[in-house]
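To start, the structure itself, in structure tokens.
All of the numbers you see were taken from the coordinates with simple rules; none came from a lab. Every value quoted in this text rests on a predicted model; they were computed, and no experiment measured them. Positions of Cβ are generated from backbone atoms using ideal geometry, with glycine treated the same way; all protein chains shown enter the neighbour counts.
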Amino acid sequence: MNFDFSDDQKHLQRTAREFLDDQKSLSVCREVLESKQLYSRELWSGAAELGWLGAVIPDQYGGAGFGYLELAVLAEEVGRALAPIPFSSSVYLATEALLLAGSPEQKERYLPRLAAGEIIGTAAFTEQPGRSPSDRVETRFADGRLNGAKLPVPDGTAADFVVLTAASAQGLSLVIADLDTAGVEASSLLCFDESRPQARLRFEHAEAELVGSEGEGGTLMECILDRAAVLTAFEQLGAASRAFDLTREFALERYAFGRPVASFQAIKHRLADLWCQIEMARSSCYYGAWALSSDPSQLGVAACVARIAASEAFTSTSEEMIQIHGGVGYTWEYDCHLFYRRAKLLSVALGNPSSWKHQLIDRLQAVA
Amino acid sequence: MDFNDTPEEATFRVEVRAWLEANAARKRPGDPQPDRVGELIDEATLQEAKEWQTKKADAGWACIRWPPQYGGRGATPMQEVIWNQEESNFRTPSNPFMIGHGMCGPTIMAHGTPEQQQQWLPKLLSGEEVWCQLFSEPGAGSDLAGLRTTAVRDGDAWVVNGQKIWTTGAQFCDWGILIARHDPDAVKHAGLTFFVVDMRSPGIEIRPITQINGGQGFNEVFFNDVRIPDAFRLGEVGDGWRVAITTLMNERASVGALARGAELDELMDLAAKLELAGGRAIDDRAVREKLADFIVAWKGVELTAQRTMSALSQGKMPGPEASLLKLVGVRLLQEISGFGMELLGTAGITSDEQLVPQSARWQERYLALPGLRIAGGTDEVLRNIIAERILQLPAEARVDKGVAFKDVPTGPPSK
């Protein structure tokens, strides 16, 4: 038993952190947020050059052929940097869908260009507020044509293709569509965190094809979401740790009543509690990464645990970050709100904590 | 990263399991509950526990991480994890050695002379002698270094006077570890010295304390001119605080380890069987979310304990991280127990096992857990430790710094 990353994986993590620090990723995040760009092209091409985008793509398709533990390490750094890039959409969702169920021809068509960063993929599972992704899907797929709408779709306006769920003759199916084809319209949505844009996708008689077998969509989606949940949990973990570090530094430098605010127990105890929460989320993320890379039978439970723990750790850290900073934490100028926005975005993307809690109990009951 | 056993670990596990199968009975559902937290064990239970410990010691399965010269096998932290996992599946007597093995032993190993180690550790390991801890005082709990029990040098001995409190099992213990003040003119932490005391010494008086759950596991221990040979001093004169820190670090790990997670299985089981107004409890959305919260938090504690073990086996020292396990784990068990009572509805207030299955257990735990939140460092002290030692935040401003201990205020000024 060894509950830690290897030296090589830690080295990869250091290199990733250095690259993102050099790029001053928080300023880049702010730039994208303020200018409403779709994403940072510099960071994206850097990530492609470093092999991150094809981390788990086999080398026959031009990938780096790393494993999921390496991808998890990268996800933590991408999260830590609040990197404004379509990493989760393209890598955890679209790439995973193709790796999981794509035909050899589909893999050949998309994976090499995904690995090189030449195209961006995304996934679209939701249509209506409040509904779970598998609930009453109204988008329809028949005879190679797609009709309906999906929202919100992460990076929907930046993406070149989308993997989505659609109702078909044999039940829910997973379908892939290029976004530059006739009958597809992508429009930007106003968004809570403009550093990670969302879109509405409309399909009118748009050309599309199945990924995997018809009627298999529900199972495939669940599988994709479990994998993405672990990787997203690492992003949340990285971001929570960064928010925590910045808050700790602020509390040490800020003086009140003649002493650093970090010397008051009211602040120390709050930081201690957050540290515990983040450390426990870290442990659960490691468990998730291990299940993802080595033991699929444990992934169902591990993904729920990692996802819930990391969502809650990042959410509470981002809330306390503003509180501990005091007034300046509420200004546009300070970076607190970048974390606050991202925390809520990540905790509701892929299904909110409550939906993962119900899944966790379902899965434990199924095991018992 | 590998959450499975390595081939060597798997072989070790087989060996452990085989020995346990041959020497103990496997636990079965419906087995009687182990003793209550903070309950004084009777003579028969003590004997049974000693026999089990001796049996383990004879076969080389007692305190397996200790070096062979004291009876251990110099096992790795991971091997100890495996041993604990396997042993927890078997019916074993209650463990009156936790304080001795978990706190006294490591302290003697870290600070004792080779003679002292040889004198005490083998019999501590084998269960022949039972140990207790004499730290807290009525006026010194979270502020342990504010203790007032005195030790005055007299030839080759020390004469000890004062009162200790919260001493588990003092009645049946052979030895105790004691921290006392040898110099009231020194500043608080510098005036302390650490001793091992023979609990049968003349002048020691033991009085049980009745706890909120009715148990009497803890005692007040009075010292009236108790003589302790200087040869029983652990560490240098004035070095008592440093020695005590070793004990306290180990104490947090031990108390944290009390939490085993069986409570969660019981809660899931209860929720699956219990009928509420709208159907089974486990189908109720609010109940499910609560259960999920507990499970996620519990996994977090458990996996963090394992991660700490990995760090240990890579040669890193046990540190203040154990504070997390106790702080979060014990609080969580209190919440789980309270929720177990509430889940039963109004019937949760009865302790009649015949009427309400499991009810009494939740109540019992709910009454035991406030004690565990205080023992070995209160939640508040643990948060300070995490904040100051791990997060390197500044210490609280203090009024007793640099002041001779005898001049430190101990109550409101007299009017």
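So what's Rg/Rh here for the stretch A:121-215, counting alpha carbon atoms and using the Kirkwood radius for Rh? Answer for the stretch A:121-215: 0.95.
By the count of other C-beta atoms within 10 Å, a proxy for reagent exposure, A:Asp8, A:Asp178 are ordered fewest to most as A:Asp8, A:Asp178. Picking from B:Ala24, B:Ala57, B:Ala110, which is most flexible by a Gaussian network model of chain B using Cα springs under 10 Å? Maximum fluctuation in the GNM of chain B, among the listed residues, is at B:Ala24.
Dipole size of the stretch A:218-367 about its Cα centre, with +1 on Lys/Arg Cβ and -1 on Asp/Glu Cβ: approximately 160 debye, rounded to the nearest 20. Along the axis of the charge dipole computed for chain A (Cβ charges of +1 for Lys and Arg, -1 for Asp and Glu, origin at the Cα centre), the listed residues A:Ile120, A:Gly46, A:Gly130 are led at the positive end by A:Gly130. Partners of B:Lys50 within straight-line reach, counting lysines whose Cα lies under 22 Å from its Cα and excluding those fewer than 8 residues away in the same chain: B:Lys27, B:Lys123. Charging the Cβ of each Asp and Glu at -1 and of each Lys and Arg at +1, and nothing else, the dipole of the protein assembly as shown about its Cα centre rounds to 1420 debye. Stokes-Einstein diffusion for chain A at 25 °C, viscosity 0.890 mPa s, with a Kirkwood radius from C-alpha pairs, works out to 117 µm²/s. Under the criterion of Cα pairs below 8 Å and six or more residues apart, the relative contact order for chain B equals 14 percent. Neighbouring Cβ atoms from other chains, within 10 Å of the Cβ of residues in A:2-14, number 3 on average.
Taking every lysine pair in the stretch B:258-390 that is 8 or more places apart or spans two chains, those with Cα atoms closer than 22 Å amount to 5.
Go from 0 up to the bin containing the longest alpha carbon distance in chain B, width 10 Å each, and give me the % of pairs per bin. Pairs per bin, as whole percents: 4, 19, 30, 27, 14, 5, 1, 0. For the stretch B:34-126, averaging the sequence separation of C-alpha pairs within contact (under 8 Å, six or more residues apart) and dividing by the residue count gives a relative contact order of 33 percent.
Taking only the alpha-carbon positions of the protein assembly as shown and ignoring solvent, what does the Debye formula give for the base-10 log of I(q)/I(0) at q = 0.05, 0.09, 0.10 Å⁻¹? Ignoring solvent entirely, the Cα scatterers give -0.32, -0.94, -1.10. Judged by a Cβ-Cβ distance under 4.7 Å, the unpaired cysteines of chain B are B:Cys63, B:Cys104. Under 19 Å of direct C-alpha separation, and excluding same-chain neighbours fewer than eight residues apart, B:Lys188 reaches these lysines: B:Lys164, B:Lys401, B:Lys406.
Highest mean first, the peptides B:234-247, B:389-402, A:66-79, A:182-195 sorted by other C-beta atoms within 10 Å per residue fall in the order A:66-79, B:234-247, A:182-195, B:389-402.
Projected over every direction and averaged, the convex hull enclosing the alpha-carbon atoms of the stretch B:312-415 yields 12.7 nm². As a ratio to 2.2 N^0.38 Å, the alpha-carbon radius of gyration computed for the stretch B:131-238 takes the value 1.03. About its Cα centre, the dipole of the stretch B:34-126 is roughly 260 debye, where the only charges are +1 on Lys and Arg Cβ and -1 on Asp and Glu Cβ.
Volume per residue for the stretch B:34-126 equals 105 cubic angstrom (convex hull of Cα atoms). Considering only A:Ser27, A:Gly215, B:Pro114, and ranking their Cα positions along the charge dipole of the protein assembly as shown that arises from unit charges at the beta-carbon of Lys, Arg, Asp and Glu, the one farthest toward the positive end is B:Pro114. In the stretch A:218-367, the alpha-carbon atoms span a convex hull of 104 Å³ per residue. Averaged over peptide A:298-308, the number of partner chain Cβ atoms lying within 10 Å of each residue's Cβ comes to 3. Mean per-residue shielding of peptide A:278-288 is 6, counting Cβ atoms of other chains within 10 Å of each Cβ.
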